[in-house]
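The values are calculated or read from the model by the stated rules, or taken from the named source; none is laboratory data. Since this is a predicted model, take the numbers as computed values, not measurements. Don't worry about glycine lacking a Cβ; one is built from the backbone with ideal geometry, like all the others, and counts go over all protein chains shown. With ligands, DNA and RNA removed, areas are computed over all heavy atoms of the protein, side chains included. Shrake-Rupley method; radii C 1.70, N 1.55, O 1.52, S 1.80 Å.
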Amino acid sequence: MNCPVCNAEMVEDDFGGLSVDVCKNGCKGIWFDWFELTKLDEKNEGLGNALQEALGYERSNDQHRGPIKCPKCKLPMHEHVYSSAKEINVDECYQCGGFFLDSGELKSIRESSMTDAEREAYAAKLLENIPELAQARDNLEKEKARTQAIRNLTKFFRVSYYTTGK
Ligand SMILES: [Zn+2]
Ligand SMILES: [Zn+2]
């Protein structure tokens, strides 16, 4: 699979118990597969190689890079920006449910010390956006799975995750 930002070949790696695709040869962005996220359970799997490395990258996302296309579906992704002085953004594909995180995003998330309440607010904001697919199919199961995926993704946005693994 090629990176949606810089087109370099992405490499599979471990991320807190998940298998993710990392743009190791390019911009260092991380792709989260929707299915991977939904099967993440609550037990502490450790940080994983990809997460550990991600924390070492300086943030290099271009705020003006414009919309990107899903590396799997080739459809435009939807940007979700968290901006309470913290510019965290993830791109979500409403077709396959995958998420793309720019490099260094996790590092800035950790350093900005997002509180549990802030993380909840961000998850709620993501959930407010109704994906076209779920809407079109009126598929409750799909919507439930998306909720789970978003909750699991934002789990990594919590500072305590890096200290206690929860
Ligand atoms: Zn890249
Ligand atoms: Zn997609």
May I ask you to rank LEU101, LEU75 by accessible area, largest first, using a 1.4 Å probe over the protein chains only? LEU75, LEU101
Entries in LYS39/LYS72; LYS72/LYS155; LYS74/LYS142; LYS39/LYS107; LYS28/LYS74 that, when Cα-Cα distance is taken, lie over 22 Å: LYS72/LYS155; LYS39/LYS107
For a Förster distance of 30 Å, can you work out the FRET efficiency between the beta-carbons of VAL11 and LYS39, rounded to the nearest 0.05? 0.90
Solvent-accessible area of TYR57 with every protein chain in place, 1.4 Å probe, in Å² to the nearest 10: 50 Å²
